[in-house]
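S.K.: Quick one: structure below, then a few questions.
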Amino acid sequence: MAEVLVYVDHVDGAVRKPTLELLTLARRIGEPVAVALGNGAADTAAALAEHGAVRVLTADAPEFADYLVVPKVDALQAAYDAVSPAAVLLPSSAEAKEIAARLAVRIGSGIITDAVDLEAGDQGPVATQSAFAASFTTKSRVSKGVPVITVKPNSAAVEAAPAAGAVEALTVSFSEQATGTKVLSRTPRESTGRPELTEAAIVVSGGRGVNGAENFAVIEALADSLGAAVGASRAAVDAGWYPHTNQVGQTGKSVSPQLYIASGISGAIQHRAGMQTSKTIVAVNKDSEAPIFDLVDYGVVGDLFDVVPQLTEEINTRKG
Amino acid sequence: MSLRIVVCVKYVPDATGDRHFADDLTLDREDVDGLLSELDEYAVEQALQIADAADDAEVTVLTVGPEDAKDALRKALSMGADRAVHVEDDDLHGSDVIGTSLVLAKAVEETGYDLVISGMASTDGTMGVVPALLAERLGVPQVTLLSQVSVEGGVVRGRRDGDSASEELEASLPAVVSVTDQSGEARYPSFKGIMAAKKKPVKSLDLDDLGIDADEVGLAGSWTAVDSAAERPARTAGTIVKDEGEGGKQLAGFLAGQKFI
């Protein structure tokens, strides 16, 4: 069976959920061979093996942390040369997309980004994508070279499928470009204790109607009652009420959770682009004419400062 | 010595319009207005600020696109860019990101550059990979997704705010930079700027000028193929209730029914 390279997104050896989802999709096309780079690379092996990786190629070197993107491209290319895979899959993080793009042009292959589903086809893997603010669904494939495809979080359920996961050291020789962009410093983002926005099963978002940074506590309390991530509309972020890293929409993150709860968000096209593929959508808004109500499975026309705390209290009571 | 800045911009369909696909599964440009991609306005803004801070600098705005894409160039010129380059060729229709990056790279080299700046992604395709592809093709450092950028003494520095960390980056020129919508509000063109833009030079280039074969670009030369595009079915109308004191409890009931609680 053909091998499929899977680029591993991990933090010091802890594999992030989108990579595990990717392994599930990779198994539809062939046998996953995982590539883990940087500090803690070898520590990823157990989790990757449990989810179907037949082999885990690892490499660590100071270059991966000290310089931007290109050292990882060099390493993935080394893995590509060593394996001759049927496809190369990466998660759709900002960095992995850049790695994917540079690898694609190097190996003479087409690239598809932000797939939301993947299946085997007669002419290679077929990727499903959302287009034009998720108003269209397209099916695409790579027609030249070995397909390089990035897949969005929440595109598949994580499935355990124990495999050998044999760890092998990958030999990487760095290109001249590898040291072009120095990382002078790196400040890890402070953990809020909440799930990562793009990976969360439930997202609770606030917008203009929240009307102040301090009022986001109401949104956070609801999120915490559901174990959800907190999102914000561009209006709320531009007003300085919530960090840009939590922005949902065209210029922020695109999310596709099981449940999306929008409070005080009108539902402008820029916001819809980032959340329209959510499975169940709920909104609370004072304005019954707000376009968000066109999208919802359940909507409450009312003041979010009445409705949201009551909802939070009711959830906490039911959890008892 | 003059600092040569090239800003790569895209002419995109207005997201508030009715965007759809043409019969050949490329973007239908007939039925929807186009404009300068909003995310590229941030790139123009940073280019102008970097140019202002330099002793001597020239800002060239570059696009690859149909005749109408001149509108995007005019907007950037009216914001303050010095001149424009428009790569226009019928054979470019339907180019994918690999083909487009080839054309942009050749046009950037033809124009001459110390710094290439673009937005973080286009607002239509939203792939966000063109800056990385350009850096790869040009063989220069990529300093991408910056929320802050500055250039001094032939060195570009910037801050990249990622999912798990914030990084301070540095590279020597020449380099490719992309900026996010956090890099600073883009200026509005002044009346004077709009009038001045009409007199600024717009150079047209075609594939021959860039030494690119037609079969390397366009729909036929794409390294990807779109086999189908279907409009997402409209959502079935949901339940809407008016809060009369019990809205939160009613919503909790719905969520419990859906097994979220």
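S.K.: Where does the charge balance sit around residue B:76 when Lys and Arg score +1, Asp and Glu -1, over other residues with C-beta under 12 Å from its C-beta? Provide the component values of the computation, followed by the final result.
M.R.: Values: positive: B:10, B:70, B:74, B:75, B:83, B:187, B:200; negative: B:40, B:41, B:45, B:71, B:82.
Counting the neighbours of residue B:76, the net charge comes to +2.
S.K.: Tally up the carbon and sulfur contribution to the accessible surface of the stretch A:24-72 as a whole percent, 1.4 Å probe, everything protein left in place. Provide the component values of the computation, followed by the final result.
M.R.: On the way: 660 of 1480 Å².
The C+S portion of the solvent-accessible surface of the stretch A:24-72 is 45 percent.
S.K.: Cut-off 10 angstrom, C-alpha nodes, Gaussian network model of chain A. Which of A:257, A:32, A:162 fluctuates the most?
M.R.: Most flexible of the set in this elastic network: A:162.
S.K.: Show the residues, 5+ positions off or on another chain, whose built amide H is closer than 5 Å to the amide H of residue A:167.
M.R.: A:56
S.K.: Now, a different point. First measure r as the distance between the Cβ atoms of residue B:188 and residue A:168, then evaluate 1/(1 + (r/R0)^6) with R0 = 56 Å and state the FRET efficiency to the nearest 0.05.
M.R.: Values: r = 57 Å, r/R0 = 1.01.
Calculated value: 0.50.
S.K.: Please list log₁₀ I(q)/I(0) at q = 0.09 Å⁻¹ for the protein assembly as shown, using the Debye equation with identical point scatterers on the alpha-carbon positions.
M.R.: Here log10 of I(q) over I(0) equals -0.70.
S.K.: Relative contact order, percent, of chain A when contacts are C-alpha pairs under 8 Å separated by at least 6 residues?
M.R.: After rounding, I find 15 percent.
S.K.: A follow-up question, please. Report the local net charge at residue B:186: Lys and Arg +1, Asp and Glu -1, summed over other residues whose C-beta lies under 12 Å from its C-beta.
M.R.: -4
S.K.: Among B:113, B:65, B:81, whose Cα sits farthest toward the positive end of the charge dipole of the stretch B:1-146 (+1 at Cβ of Lys/Arg, -1 at Cβ of Asp/Glu, about the Cα centre)?
M.R.: B:113
S.K.: For the stretch B:35-188, what is Rg from Cα atoms divided by 2.2 N^0.38 Å, rounded to two decimals? Provide the component values of the computation, followed by the final result.
M.R.: Working: Rg = 14.6 Å, N = 154, 2.2 N^0.38 = 14.9 Å.
My calculation over the Cα atoms of the stretch B:35-188 gives 0.98.
S.K.: Also: Quote the relative contact order of chain B in percent (integer), defining contacts as alpha-carbon pairs under 8 Å separated by 6+ residues.
M.R.: Normalised by residue count, the contact order of chain B is 23 percent.
S.K.: I've got another one for you. Rounded to two decimal places and with Rh computed the Kirkwood way over Cα pairs, what is Rg over Rh for the stretch A:1-110? All intermediate terms of the calculation are to be shown ahead of the outcome.
M.R.: On the way: Rg = 12.5 Å, Rh = 13.6 Å.
Rg divided by Rh gives 0.92.
S.K.: Also, I was wondering about something else. Could you tell me which of rounded, prolate or oblate describes the stretch A:248-320, using a ≥ b ≥ c as the square roots of the eigenvalues of the alpha-carbon gyration tensor, with rounded for a/c under 1.5 and, failing that, prolate when a/b is larger than b/c and oblate otherwise?
M.R.: Here the stretch A:248-320 falls in the oblate category.
S.K.: Please build a GNM for chain A, connecting alpha carbons under 10 Å apart, and tell me which residue among A:88, A:70, A:35 fluctuates the most.
M.R.: Among A:88, A:70, A:35, the largest mean-square fluctuation in the Gaussian network model of chain A belongs to A:70.
S.K.: Can you work out ³J(HN,Hα) from phi for every residue in the stretch A:62-70, in order, using Karplus 6.51 cos²θ - 1.76 cosθ + 1.60 and θ = phi - 60°, giving whole Hz and x for Gly and Pro?
M.R.: Computed from phi, the couplings for the stretch A:62-70 are x, 4, 4, 8, 8, 9, 7, 6, 4 Hz.
S.K.: Roughly how far apart, in whole Å, are the Cα centres of the stretch A:145-159 and the stretch B:2-27?
M.R.: Result: 26 Å between the Cα centres.
S.K.: Non-local amide H neighbours of residue B:128 (under 5 Å, H modeled in plane, Pro and chain starts lacking H): which ones?
M.R.: Long-range HN contacts for residue B:128: B:122.
S.K.: Also: At most 13 other Cβ atoms within 10 Å and a DSSP loop assignment: could you name the GluC sites (Glu not before Pro) in the stretch B:93-166 that fit?
M.R.: Listed in order of number, the matching sites amount to none.
S.K.: Here's something else I'd like to know. Could you give each residue of the stretch A:222-237 its phi-based ³J(HN,Hα) in whole Hz, using Karplus coefficients 6.51, -1.76, 1.60 with θ = phi - 60°, and x for Gly or Pro?
M.R.: Taking θ as phi minus 60°, the curve returns 5, 4, 5, 5, 9, x, 9, 8, 9, x, 9, 7, 4, 4, 5, 6 Hz for the stretch A:222-237.
S.K.: Same structure again: Can you list which of the trypsin sites (Lys or Arg not before Pro) found in the stretch B:44-93 are DSSP loop residues with at most 13 other C-beta atoms within 10 Å? Write out the running numbers ahead of the final one.
M.R.: Values: sites: B:70, B:74, B:75, B:83; in loops: none.
Answer by residue number: there is no such site.
S.K.: Among A:105, A:151, A:284, which one shows the highest mean-square fluctuation when chain A is modelled as a Gaussian network with alpha-carbon springs under 10 Å?
M.R.: Top of the fluctuation ranking is A:105.
S.K.: What list of ³J(HN,Hα) values in whole Hz, one per residue of the stretch A:78-91 in order, does the Karplus curve 6.51 cos²θ - 1.76 cosθ + 1.60 (θ = phi - 60°) give from phi, with Gly and Pro shown as x?
M.R.: Values per residue, Gly and Pro as x: 4, 5, 4, 5, 6, 9, 6, x, 7, 6, 10, 10, 9, x Hz.
S.K.: Separate question: What number comes out for the charge environment of residue A:52, summing +1 per Lys or Arg and -1 per Asp or Glu over other residues with Cβ under 10 Å away?
M.R.: Charge balance near residue A:52 sits at -2.
S.K.: Continuing with this model, one more query. Starting from the exponent 0.38 and prefactor 2.2 Å, build the expected Rg for the stretch B:1-120 from its residue count and divide its actual Cα Rg by it. Working shown, then result.
M.R.: On the way: Rg = 14.7 Å, N = 120, 2.2 N^0.38 = 13.6 Å.
Ratio of Rg to 2.2 N^0.38 Å for the stretch B:1-120: 1.08.
S.K.: Above 26 angstrom, tally the Cα pairs of chain B and express them as a % of all pairs, no decimals.
M.R.: Value for chain B: 46 percent of Cα pairs lie more than 26 Å apart.
The values are calculated or read from the model by the stated rules, or taken from the named source; none is laboratory data. Here the structure is a predicted model, which means the values were calculated and not measured. Glycine also receives a Cβ, built like all others from the backbone with ideal geometry; neighbour counts cover every protein chain displayed. Just the protein is used for accessible areas: all its heavy atoms, side chains included, with ligands, DNA and RNA removed. Shrake-Rupley method; radii C 1.70, N 1.55, O 1.52, S 1.80 Å.
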